[in-house]
Structures are given as C-alpha cells and as structure tokens.
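What follows is a short report on a single structure.
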Amino acid sequence: MSLSRDAAMNIARVLTEALPYIQRFTGKTVVVKFGGNAMVDEQLQSSFARDVVLMKLVGMNPIVVHGGGPQIGQLLAKLNIESSFVDGMRVTDSQTMDVVEMVLGATVNKQIVNLINRNGGQAIGITGKDGQLIRARKLSVSRQTPGMKATEIIDIGHVGEVRSINTAVIDMLINSHFIPVIAPIGVGEDGMSYNINADLVAGKIAEVVQAEKLVLLTNVGGLRDKQGEVLTGLTTQQVDKLIADGTIYGGMLPKIRCALDAVKSGVASAHIIDGRVANAVLLEIFTDAGVGSLISNRH
C-alpha cells in the first residue's frame, strides 16, 4: 500500500526531528525502568520492546530494569499466601521471597526477554544474584506513631536496598551487543536473597554506569504542578523546592527522590514518563515535545 504524500512528509519530518537526538546519544547508556500499565497491556508491551530495539540499533546502550508487583500479588493470592505492607513495601518472609524470585527472576524476566527478542533485539535476562550484580543489605524500616515514646524498628523480612553494583556484568553484556534485562533481586553478604524496589535499582545502576538518561515509566503523565499541568525541563533545585512546598507528595515522592538522586550523582537527565502512551520511550528521547517530565542539572 502506497503512502499518501502527507503521510510520507510526516514520516520525513519525524525522522528529521529525531536525527540530532540520535547523533547526540549514539554510544550513550540509557537505563529504563519498565513497569505499570506498559507492562501488562499487550500493545504497550510491544511498543516498548520496539523502542528498546530501535535504541540499540541506532547505537545507544539500553538497560532494562523491571518490577512485577501485580504479578507477585496474583501468584501469592493463588497460593493463599497473605501479603501485608509497611509504608508501601511488601513484608517478605522466606515463603514470599520464594514467590518473588520465581515471578521476577523467571516468569516476568523471561517474558520481557522474549518480547525484545521477538521484536528483533538480542536480550539477556539476569537477576541481581547473577555475577553478584546487585549486592544488597537488609532494609531497616523505622516508624513513629503519635503516643509512642521511641521509634519502632519494623522487620519487613527479605526487603533490601542496594549496597553496590558490579558493573563488570553490565559492561560484558553491553560490549557483547546484548540488551540486559535485570530483575531487582539482590544478594546479601550472608547469601540471602533480597527484594529491592525496581526504581531504586534502576537509579543506582544509572548512577554507577554514569548513564546519559534514567527513564522511569509510570501510570501518570509526569510531574504536575498544583494546577494539574505537567512540569518539565526542571533543574534539581526546582524539584527540591516543589518537594518542600508540597507540590510533589504521596506516592510520587519515592520515584522523584530516586530520579533526583541519580541526577545529583552524575546522570545527565532523568525522565518520568507516561507508560500508558504507545512508544513513550522513543517519544521522550527522540522528539522535542516528549511525553513526561525531564529533570537535569543543566540550567
């Protein structure tokens, strides 16, 4: 089927707009946290996979880090294992950790690898335990409620935070022209497995590889001001002010802090984008308008 003149001109315009971005980012590393709607909607899954494959083909080095909270919850429910949460984090005993590893390290990880490979890429899936990629330590959670004289330390089990990242594993995959797909499971000094928040893992990996970009897919359009307008082109100082004055609050705070930490630690820019939009990653990286909020140290 032949294209109309207008359609052909539109394609040419898009490619022309993308060219300077492609030239600027060739050889650069981009860490993408894959989750939310983009992860469960079939059309969005495919558009995400094509975005990642295209990034690799034009000379960029994409690294995918994924979550899997809904999938973990579904399997726990099927197995009649009850879940409880503390400050949004799943309390993870040994039995729950077995399910987390099975879902994140096997089912979800291999689905994403298969998706990228089916769309013409070469992906390899690993967990943070492979090659001791993610060295973890137990996350300590403290809470103080009104009427308590002292802060309460709560044990939430096999939930961890990143102690260090073994970049040799990532370098080996990138230099072999593979796309790493990483499940956020770390290993402690005691050999125990730890479930780690995928945003935090993506941010830490972006920091240690000094990525050009950290891209966090969400189920919202980006950072919004008090009037509901999407904010973009923000400096770290502006974001700090938005947190201080209460514009950024609630569930968006941990994601923003993760993006902020990455940029303050040398990542050139962080993007919080709407994963409900088809080809969101390409639109954010290769077009002038983008589909989310950009945070950088550049004034």
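The values are calculated or read from the model by the stated rules, or taken from the named source; none is laboratory data. This is a predicted model, so every value here is computed, not measured. Backbone-built Cβ (ideal geometry, glycine too); neighbour counts: all protein chains shown. Ligands, DNA and RNA are excluded from the accessible area calculation, which covers all protein heavy atoms including side chains. Shrake-Rupley method; radii C 1.70, N 1.55, O 1.52, S 1.80 Å.
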*Which of the residues belonging to region 237-251 are modelled with pLDDT of 80 or more and open to solvent by 40 Å² or more (accessible area, probe 1.4 Å)?*
Q237, Q238, D240, K241, A244, D245
*Pick from region 91-104, criterion in contact (Cβ under 8 Å) with a residue 60 or more places away in the chain and open to solvent by less than 20 Å² (accessible area, probe 1.4 Å), ranking: nearest to P62 (Cα to Cα)*: L104
_Condition check for G27: touching a Gly at 6+ places or on another chain (Cβ under 8 Å), closer than 29 Å to D171 by Cβ, touching a residue at least 40 places away in the same chain (Cβ under 8 Å) and open to solvent by less than 80 Å² (accessible area, probe 1.4 Å)_ = no
*Of the residues that sit in region 224-236 and are open to solvent by 60 Å² or more (accessible area, probe 1.4 Å) and out of contact with any strand residue (DSSP E or B) (no Cβ under 9 Å at 6 or more places or on another chain), which one is farthest from V201 (Cα to Cα)?*
Q227
*Count of region 259-299 residues which are assigned to a loop (DSSP other than H, G, I, E, B) and among the polar types (S, T, N, Q)*: 4
*Between residues in region 62-90 that are under 18 Å from P184 (Cβ atoms) and residues that are of a type in the set (S, T, Y) and surrounded by 11 or more Cβ atoms within 10 Å (Cβ to Cβ), which pairs lie under 6 Å by C-beta distance while being six or more apart or on different chains?*
L76/S83; R90/S83
*Taking region 119-141 only, how many residues are part of a strand (DSSP E or B), in contact with a Gly (Cβ under 9 Å, 6 or more places away or on another chain) and among the small types (G, A, S)?*
2
*Using the structure shown, decide if I11 is open to solvent by 10 Å² or more (accessible area, probe 1.4 Å), in contact (Cβ under 8 Å) with a residue 60 or more places away in the chain and assigned to a helix (DSSP H, G or I).*
no
*asked:* Is it the case, given these coordinates, that D240 is in a loop (DSSP other than H, G, I, E, B), of a type outside the set (V, I, T) and over 14 Å from the mean Cα position of the chain (by Cα)?
replied: no
*If you go through region 179-204, how many residues are open to solvent by 60 Å² or more (accessible area, probe 1.4 Å) and either part of a loop (DSSP other than H, G, I, E, B) or more than 30 Å from G120 (Cα to Cα) (or both)?*
4
*If you take the residues in region 159-169 that are of a type in the set (A, V, I, L, M, F, W, C) and out of contact with any helix residue (DSSP H, G or I) (no Cβ under 7 Å at 6 or more places or on another chain), which one is most open to solvent (accessible area, probe 1.4 Å)?*
A168
*For region 23-38, name all the residues that are assigned to a helix (DSSP H, G or I) and either closer than 30 Å to V108 by Cβ or among the aromatic types (F, W, Y) (or both).*
F25, N37, A38
*Output the residues belonging to region 41-84 that are open to solvent by 30 Å² or more (accessible area, probe 1.4 Å), within 29 Å of H177 (Cβ to Cβ) and among the aliphatic types (A, V, I, L, M).*
L54, L57, V58
*Please find, among V53, V40, V14, the residue that is modelled with pLDDT of 95 or more and over 17 Å from E212 (Cα atoms).*
V53
*Filtered residues of region 208-223 (kept if at pLDDT below 85 and buried (at least 16 other Cβ atoms within 10 Å of the Cβ))*: V220, G221, G222, L223
*List the pairs whose first member sits in region 146-172 and is assigned to a loop (DSSP other than H, G, I, E, B), whose second member is at pLDDT below 85 and open to solvent by less than 60 Å² (accessible area, probe 1.4 Å), and whose Cβ atoms are under 7 Å apart, counting only residues at least 6 apart or on separate chains?*
I156/V86; I156/M89; I156/V141
*Could you figure out which of (1) touching a helix residue (DSSP H, G or I) at 6+ places or on another chain (Cβ under 7 Å); (2) among the acidic types (D, E); (3) within 23 Å of N61 (Cβ to Cβ) isn't true of D274?*
(3)
